[in-house]
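*Asks:* Here it is, the structure, as C-alpha cells.
The values are calculated or read from the model by the stated rules, or taken from the named source; none is laboratory data. All values derive from a computational prediction rather than experimental measurement. We place every Cβ from the backbone using ideal geometry, glycine too, and count neighbours over all the protein chains shown.
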There are 2 protein chains.
Amino acid sequence: MPYGYIASMKTQPGRRDEVIAILTSGADGLKSAGCELYVVSAAVDDEVTIWVTEVWQSKKHHDDSLHLPETRAAIAQAMPMLAGDFFSQETEVIGGLGVTGRP
Amino acid sequence: MPYGYIASMKTQPGRRDEVIAILTSGADGLKSAGCELYVVSAAVDDEVTIWVTEVWQSKKHHDDSLHLPETRAAIAQAMPMLAGDFFSQETEVIGGLGVTGRP
C-alpha cells in the first residue's frame, strides 16, 4: 500500500530557495530508493514556508531512505537554514490522478 | 508556473471512505481541466482526516475547475459528510520527482 508523507517547514528568512534547491537536487536518487512522487512547493503567502508531498512504495522504503548517505548529507546541509517549525503527517495514499494508489 | 493546492478535511465519523470515493472518482475529468496531479490520501492516525495534494497548470485552471458541473456535484455530494474542519494552502510547485515544476 503506497505510503504518503506530507510535511511543511519554515526556513530562516532569505534561505527558502537554497533549501528548495537541496530538496529537489536529490530527486533522481529518490526513485531508486522506492519513492514514487516527491513534490516540493513554496507557500504563496509568505517567503519562508516549504511544503513537500511524498509518495513511497511503503513506509519502510521511506524510513530506510532517511539512513542513506545522500539523505543524511542533504539534511545536514539544510538544517542550519531551517527555523524549526516543522509539521508532518503520515498517510495512506488512496489514488487520484498521476499516482498509483490502493489496488 | 505550476500551481499547487494542499488541503485537509475531516469527515463525519464513518464517512471517510465515501468522501474519498467521491474525490477519486473525478480524476479523469481533472486531467482535461488542466490538473496534472491529484493525490488523495488518508491520515494514518485517525479515521476521519483526508489530505489532498493538487498540481495544476495554473491557478486559473484550478479556480475554473470549481465551476464545472461535475465539480459542483461532487462538492454537493461530499459536503454533508464533512465535519467542517478544513485547511488549505496555496503553493507554487517547484519540482521534485514525478512532477513538472519551475522551468
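*Asks:* Specify which of the listed residues (A:18, A:36) is more than 17 Å from residue A:75 (Cα to Cα) and either of a type in the set (A, V, I, L, M) or touching a residue at least 12 places away in the same chain (Cβ under 8 Å) (or both).
*Replies:* A:36
*Asks:* When you scan region A:46-70, how many residues do you find that are touching a Leu at 6+ places or on another chain (Cβ under 9 Å), hydroxyl-bearing (Ser, Thr, Tyr) and either touching a residue at least 60 places away in the same chain (Cβ under 8 Å) or farther than 13 Å from residue A:8 by Cα (or both)?
*Replies:* 1
*Asks:* In this structure, does residue A:52 turn out to be in contact with a helix residue (DSSP H, G or I) (Cβ under 7 Å, 6 or more places away or on another chain) and modelled with pLDDT of 95 or more?
*Replies:* Spelling it out, residue A:52 is indeed in contact with a helix residue (DSSP H, G or I) (Cβ under 7 Å, 6 or more places away or on another chain) and modelled with pLDDT of 95 or more.
*Asks:* Could you say whether any residue in region A:52-66 is among the charged types (D, E, K, R) and more than 30 Å from residue B:17 (Cα to Cα)?
*Replies:* no
*Asks:* Pairs, please: C-beta under 9 Å, at least 6 apart or cross-chain, first residue over 8 Å from residue A:6 (Cβ atoms) and more than 7 Å from chain B (Cβ to nearest Cβ) and in region A:86-101, second among the basic types (Lys, Arg) and assigned to a strand (DSSP E or B)?
*Replies:* A:86/A:10
*Asks:* Then there's this: Could you tell me whether region A:13-31 includes any residue that is at the interface with another protein chain (Cβ under 7 Å from one of its Cβ atoms) and either in contact with a helix residue (DSSP H, G or I) (Cβ under 9 Å, 6 or more places away or on another chain) or among the aromatic types (Phe, Trp, Tyr) (or both)?
*Replies:* Yes - at least one qualifying residue is present in region A:13-31.
*Asks:* Inside chain B, counting only strands (runs of 3 or more DSSP E) that do not spill past its ends, which hold 3 or more residues that are of a type in the set (Asp, Glu) and surrounded by fewer than 19 Cβ atoms within 10 Å (Cβ to Cβ)?
*Replies:* The strands (runs of 3 or more DSSP E) meeting that bar are B:82-97.
*Asks:* Residues A:53, A:11, A:24: which one is over 11 Å from the mean Cα position of the chain (by Cα) and within 20 Å of residue B:4 (Cβ to Cβ)?
*Replies:* Sole residue among the options that is over 11 Å from the mean Cα position of the chain (by Cα) and within 20 Å of residue B:4 (Cβ to Cβ): A:11.
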